[in-house]
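Here is the structure we will look at.
The values are calculated or read from the model by the stated rules, or taken from the named source; none is laboratory data. Please read these numbers as outputs of a predicted model, since none were measured by experiment. Every residue, glycine among them, receives a Cβ derived from its backbone with ideal geometry; neighbour counts consider all protein chains shown. Areas reflect the complete protein model, heavy atoms only, side chains present, ligands, DNA and RNA absent. Shrake-Rupley method; radii C 1.70, N 1.55, O 1.52, S 1.80 Å.
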Amino acid sequence: MSTQILAPAAVLVAWTILVLFWMAARRFPAMKQAGIDLSKPQPGGRRGQDLDGVIPDSANWIAHNYAHLLEQPTAFYAIGAILAITGSVGSWDLRLAWAYVGLRVAHSLVQCTVNYVPVRFLLFLLSTFCLLGLTVSALKATL
């Protein structure tokens with residue numbers, strides 16, 4: 001087993017948890033300011049996306065990013081596990097994995113602060129190419 005590929009995955013999980021706390025720190029005060037009393041049941045229940053247009057967009061950007069960190073990165077975790085289990089991690093794979101994590105963190109920082117879509121998209125696209133390279137390595141290792 002090649003466990004060094006698991007380090008970037010662990011870092012991305014840690015980043016995701018940090019974004020969760022950042023989201024709570026921004027959203028709870030924004031909800032209070034919007035007059036939402038969380039101690040009482042909300043009519044019809046509440047979902048996170050129900051806060052769009054109710055609290056400031058900048059408070060929701062972090063929540064949107066948190067959701068993004070639970071989407072495509074799940075494939076990254078699976079690919080990392082496949083490479084670790086097969087023991088076929090090369091130096092190129094490690095570089096791609098760390099680049100993926102760095103690009104996802106940069107994507108988070110852009111989305112959570114200024115939310116400038118052209119930069120976000122570029123970072124997302126570059127991270128997707130890293131994931132594609134890792135996927136090719138995993139396919140080679142398993143087929």
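Approximating the spin labels as points 7 Å out from Cα along Cα→Cβ, the ALA67-to-ILE85 distance works out to 3.0 nm. Angle, helix 73-86 long axis vs. longest principal axis of the chain, Cα atoms, 0 to 90°, nearest 10? The two axes meet at around 30 degrees. Spin-label model, GLN33/ALA10: points 7 Å from Cα along the beta carbon direction are separated by 3.8 nm. Scaling the Cα radius of gyration of region 48-99 by the globular reference 2.2 N^0.38 Å produces a ratio of 1.69.
For the chain, the relative contact order works out to 34 percent when only alpha carbon pairs closer than 8 Å and six or more residues apart are counted. Surface composition of the chain: carbon plus sulfur atoms hold 70% of the accessible area, using a 1.4 angstrom probe and ignoring ligands, DNA and RNA. Taking VAL19, VAL114 and ordering them by how much accessible surface each has at a 1.4 Å probe, largest first, produces VAL114, VAL19. Taking all protein chains as shown and a probe of 1.4 angstrom, PHE121 keeps an accessible surface of around 120 Å². Loop-resident trypsin sites (Lys or Arg not before Pro) (DSSP state other than H, G, I, E or B) in region 1-106 with no more than 13 further Cβ atoms inside 10 Å of their Cβ: ARG47. The heavy atoms of ILE85 offer some 120 square angstrom of accessible surface to a 1.4 angstrom probe. When TRP98, TRP15 are compared by accessible area of protein heavy atoms, the largest-first order is TRP98, TRP15, using a 1.4 Å probe.
Accessible area per residue for the chain is 56 Å², calculated with a 1.4 Å probe on protein heavy atoms, without ligands, DNA or RNA.
Full extension of the chain between LEU143 and PHE121 yields a length gain of 4.7 nm, computed as 0.36 nm times the residue separation minus the alpha carbon distance. Solvent-accessible surface (1.4 Å probe) assigned to THR86 amounts to roughly 60 Å². In the chain, the alpha-carbon atoms span a convex hull of 118 Å³ per residue.
The C-alpha atoms of the chain define a longest principal axis, and helix 57-69 lies at about 30 degrees to it.
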